[in-house]
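> Below is one structure. I have some questions about it.
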Amino acid sequence: MISLENLTKQYGATAVVDGVSMVIERNSITVIVGTSGSGKSTLLRMINRLVEPTRGRVLIDGADTTGEPAHLLRRRIGYVIQGYGLFPHRTVAENIATVPRLLGWDEARIRIRVAGLLSVFQLDPGAYAHAFPHQLSGGQQQRVGVARALAAEPAVLLMDEPFGALDPIIRAKAQDDLLDIQRRFGTTILLVTHDMDEAFRLGDRVAVMSHGRLLQYDRPAVLLTRPADPFVSRMTGISDRAMRLLSLTTAGEAALPGASDGPAVAASASLREVLSELMWCGAESAAVMDADGTRRGRLTIAAILARGRPG
Amino acid sequence: MALTVPRLRRLDPLGALLAVAGATAVMFLPFVIFKSNRVVPGDPRGLLEVLPAWAAFACQASLLLAATAALGVSNARVRLGAALLGVTVVALAVAAAGDALTPAGNKVVRVAPGAGVWVLLVCLGLLATDAITRMRPGPGRRVLFLAVFTAAAGLALAHGTFDHLSVMREYAVNADRFAREARQHLWLALGSLAAAVVVALPIGILCHRVPRLRAGVLGTLNVIQTIPSIALFGILMAPLGALAGAVPLAAALGIRGIGAAPAAVALFLYSLLPIAANTVAGLKRVPRAAVEAARGMGMTNWQVLTGVELLLALPVILTGIRIVLVQNIGMVTVAALIGGGGLGTFVFQGIGQTAIDLVLLGAIPIVALAFSAAVVLDALVEVMDRARQ
Ligand SMILES: Nc1ncnc2c1ncn2[C@@H]1O[C@H](COP(=O)(O)OP(=O)(O)O)[C@@H](O)[C@H]1O
Ligand SMILES: [Mg+2]
């Protein structure tokens, strides 16, 4: 659990982060969104003390982060940035081994960890361990960046626009991978983006920032249905908010008992996708199937539409 | 390599120029200059006058071969081979001329390579470097070429092949002093370089970290660079002389208004700008994201500086060091004027006595040193750059 208490950063007279307080739950993904210059990066960098706060404090599991030297704190916190910052003069394996080396792990343990991470991130160790970053595609570099941040098994992972440089198809895959990784390692992830779709797709909770202030911090559905500020509704988008809302619920969660002779849809599909499928097929209802092929229930168009309304 | 018969194709423009220049040199310029003693005006001799007919013919045949290769063969290896054959033959011919024109036991007559030989060597040298450039050898191969060439030249010198030529006559007379001045030359060039690295590297790092300082500091160093070396020696004489007068320890350490001290200080000052400026440029080239990530992962400031920033900036910093080393090897020559020693001693002594052979005894090793330093450091920069790409 990470607590930010009245966190403030001033450069000269301007507060670029202004009195932000929030509690980030363990084992969750929290996304900070806001327009460019709203202070998202500064907020994130105060957590690993790349920026020292002017006022306020950061507690990780109850302990003030100023209680130890900043570089030791940072070795316990994963950090991924836009552009990844891979070391061009070091191989993929050496890049990933950076923090374990700093922590003085023995070579055998490092080797096992690096090989394990390479396979988790779908990078064949034989082909990529000794490659240099410039020999990799953008998507591969991004995966190495995340693998490097996770190498020393940090409980907390900070990510600053980690998918900003990827094209849409690879970005969607990287987002799915991140959800997977979060489930697998149980890492507490704090991710910064200016892309609302990304925030909705990844965030268990979303924090909206503007001009250094935290406007609202809640579950995505609440941001849509009960925006605390006109800026929040502008950020989340008014014209397609119903569809956004549908995309937050899966067919499995919304399925009702009963059979359907309509098309079969996966329980993991979002209601938005199911609705689209029903419109496409001209059907009134869909059969919701679990991954193992057993029938979970059914969804009608009326039931889906009801979920696209506030309240 | 499959043996393809080199065919004459299109005329090569550089080759044509070199062939014409070389042919002119063979036909119209003296091959060697014969002097009955060290300072009298020389007496030009042609190739046919100094060598037996068969040897002169062989020499001309080899040069014809080199000219043919220069004109119409595009294979770089063949061109290089022809150029090296030409250099070897010309060197041996001039050595043989020295042997032939020197009566046994005579230490007074002087046989110097004539303008024809120098022009031929320049043409063949250009042909060889052009061929090597076309072969695009890697850094290792270039250093190997240099080592082989140096070893061949060294063996010939040690064997006494050129002992009857005037430059080697001057060497024989000055052998002890030559060793001492050569050491002094290297010591001044390398010592001022080392001191400059120690000082300029932190200056460069500081200028990179504190951009406000950059313009002022680099501007000051730049002004120093524009002072002509003789003027700088002059400027340094007064304070160093005063220092020696006031502090006995300084005098005991050999610090004087003239001599090696002002030379070393001047070279040191000249060396600061290229190293500091290249350090700044190299650090600027380091990807910001890499530095940010390094700090974010918990490297200490020292680890970020040495393990990431300086390592990534190294090729550019080394380029600065290369500039300084080559520049210093040349500039130490002038130090002789204020009693700093070095190979320039022979150059200026030779100019004073109008003994061109003595000038060459100083100048040839200086050029060879500067050239070798450039080749070796260029190769090092390339290796570094390749490793980090
Ligand atoms: N070191 C700094 N000095 C002065 N101003 C800064 C500094 N770092 C960031 N800022 C300013 O703070 C504001 C917020 O920056 P940042 O946190 O990077 O925003 P975001 O990540 O949301 O785009 C910007 O206006 C930026 O110009
Ligand atoms: Mg930012």
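Coordinate-derived values only; no laboratory data. Just so you know, these numbers come straight off a predicted model, no measurement behind them. Neighbour counts run over all protein chains shown; Cβ positions are idealised from the backbone, glycine included.
> Positive end of the charge dipole of segment B:13-173 (Lys, Arg +1 and Asp, Glu -1 on Cβ, about the Cα centre): tell me which of B:100, B:90, B:58 has its Cα farthest that way.
Value computed over the given set: B:90.
> Residues in segment A:175-209, backbone N under 16 Å from the label point at residue A:137 (7 Å along the Cα-to-beta-carbon vector): list them, ranges by number please.
Under cut-off, by backbone N: A:175-177.
> Modelling each spin label as a point 7 Å along the Cα-to-Cβ direction, I'd like the residue B:351/residue B:306 distance in nm, to one decimal.
4.6
> Taking N as the number of residues in chain B, what is its alpha-carbon radius of gyration divided by 2.2 N^0.38 Å?
Its radius of gyration relative to the 2.2 N^0.38 Å reference: 1.19.
> Placing +1 on the Cβ of each Lys and Arg and -1 on the Cβ of each Asp and Glu in segment A:34-152, which of A:84, A:134, A:47 has its Cα farthest towards the positive end of the resulting dipole?
In segment A:34-152, that residue is A:47.
> On to the next question. Bin all alpha-carbon pair distances of segment A:225-288 at 10 Å intervals from 0 and give each bin's fraction as a whole percent.
All Cα pairs, binned at 10 Å, distribute as 22, 42, 23, 12, 1 percent.
> Just to check I understand the Karplus step: with θ = phi - 60° and J = 6.51 cos²θ - 1.76 cosθ + 1.60, what whole-Hz values come out for segment B:269-282, glycine and proline as x?
Couplings: 5, 5, 6, 4, 4, x, 6, 5, 5, 6, 5, 4, 4, x Hz.
> Same structure again: List the aspartates and glutamates whose Cα sits under 16 Å from the Cα of residue B:284, skipping any in the same chain fewer than 8 residues away.
Output for residue B:284: B:292, B:309, B:385.
> Give the calculated FRET efficiency between residue A:226 and residue A:130 to the nearest 0.05, with a Förster radius of 56 Å applied to their Cβ-Cβ distance.
0.60
> How much net charge surrounds residue A:71 when only the other residues with a Cβ under 10 Å from the Cβ of residue A:71 are counted, with Lys and Arg +1 and Asp and Glu -1?
+3
> In percent, what relative contact order does chain A have, based on Cα pairs under 8 Å that are 6 or more apart in sequence?
18 percent.
> Using label points projected 7 Å from each Cα along Cα→Cβ, tell me how many nm separate residue B:231 and residue A:107, to one decimal.
5.8
> For segment B:13-173, what D do you get in µm² per second when you plug the Kirkwood radius from alpha-carbon pairs into Stokes-Einstein at 10 °C and 1.306 mPa s?
96
> Once you compute Rg and the Kirkwood Rh from C-alpha atoms, what is the Rg to Rh ratio for segment B:340-389?
My calculation puts Rg/Rh at 1.32.
> Okay, next question. Put one equal scatterer on each alpha carbon of segment A:6-105, apply the Debye formula with no solvent term, and list log10 I(q)/I(0) at q = 0.15 1/Å to two decimals.
Relative scattering, expressed as log10 I(q)/I(0), comes to -0.75.
> Separate question: Under a Cβ-Cβ cut-off of 15 Å, what is the net charge of the residues other than residue B:37 that fall near it, where Lys and Arg count +1 and Asp and Glu count -1?
+2
> Taking a cut-off of 20 Å between Cα atoms, list the aspartates and glutamates near residue A:173, but don't count ones fewer than 8 places away on the same chain.
Cross-link targets: A:124, A:160, A:161, A:195, A:197, A:198, A:204, A:273.
> Could you work out how much longer the chain between residue B:176 and residue B:68 gets when fully extended? Use 0.36 nm per residue separation minus the Cα distance between them, nm to one decimal.
Full-extension gain reported as 34.5 nm.
> Let me know the Kirkwood hydrodynamic radius for segment B:175-388, please, with Cα pairs as the basis and the value in Å to one decimal.
So the Kirkwood estimate lands at 18.8 Å.
> From the mean inverse distance of alpha carbon pairs (Kirkwood) and the Cα radius of gyration, derive Rg over Rh for chain A.
Looking at chain A, the ratio lands at 1.01.
> Restricting to chain A, what percent of DSSP beta bridges are antiparallel, rounded to 5?
Around 55 percent antiparallel, to the nearest 5.
> By how many nm would the segment from residue B:368 to residue B:134 grow when fully extended, if each residue of separation counts as 0.36 nm and the alpha-carbon distance is taken off?
Taking residue B:368 through residue B:134 to full extension adds about 82.0 nm, to one decimal.
> Using the Kirkwood formula on the Cα atoms of the protein assembly as shown, what hydrodynamic radius do you get, in angstrom to one decimal?
32.2
> Follow-up question, since we're still on this one. Along the positive direction of the dipole of segment B:175-388 (beta-carbon charges: Lys, Arg +1; Asp, Glu -1; about the Cα centre), which of B:283, B:235, B:353 reaches farthest?
Positive-end residue among those listed: B:283.
> Using R₀ = 56 Å, calculate the FRET efficiency as 1/(1 + (r/R₀)^6) where r is the Cβ-Cβ separation of residue B:152 and residue A:179; round to 0.05.
0.25
> Below 8 Å between Cα atoms, with a sequence gap of 6+, how large is the relative contact order for segment B:13-173 in percent?
Normalised by residue count, the contact order of segment B:13-173 is 31 percent.
> So what is the relative contact order for chain B, in percent, with contacts set as C-alpha pairs under 8 Å and at least six apart?
16
> Now a separate question. What residues of segment B:101-129 lie in the reach of a label at residue B:16, counting those whose backbone N is under 18 Å from a point 7 Å from the Cα along Cα→Cβ?
Zone members listed by number: B:127.
> Ok, one more. What is the dipole size for the protein assembly as shown, taken about its Cα centre, with +1 at each Lys and Arg Cβ and -1 at each Asp and Glu Cβ, in debye to the nearest 20?
The calculated dipole for the protein assembly as shown is roughly 640 debye.
> Taking amide H positions as placed in the peptide plane 1.01 Å from N, state which residues far from residue A:160 in sequence (5 or more) or on other chains have amide H under 5 Å from it.
A:80, A:81, A:82, A:192
> Still on this structure: Between 0 and 90 degrees, rounded to the nearest ten: what's the tilt of helix A:168-185 against the longest Cα principal axis of chain A?
It works out to around 70 degrees.
> What FRET efficiency would be calculated for the residue pair residue A:291, residue A:25, taking the C-beta separation as r and a Förster radius of 35 Å, to the nearest 0.05?
Efficiency at R0 = 35 Å is approximately 0.85.
> Another question, then. Can you list the lysines whose alpha carbon is less than 17 Å from that of residue B:35, not counting same-chain residues fewer than 8 positions off?
Correct list for residue B:35: B:107.
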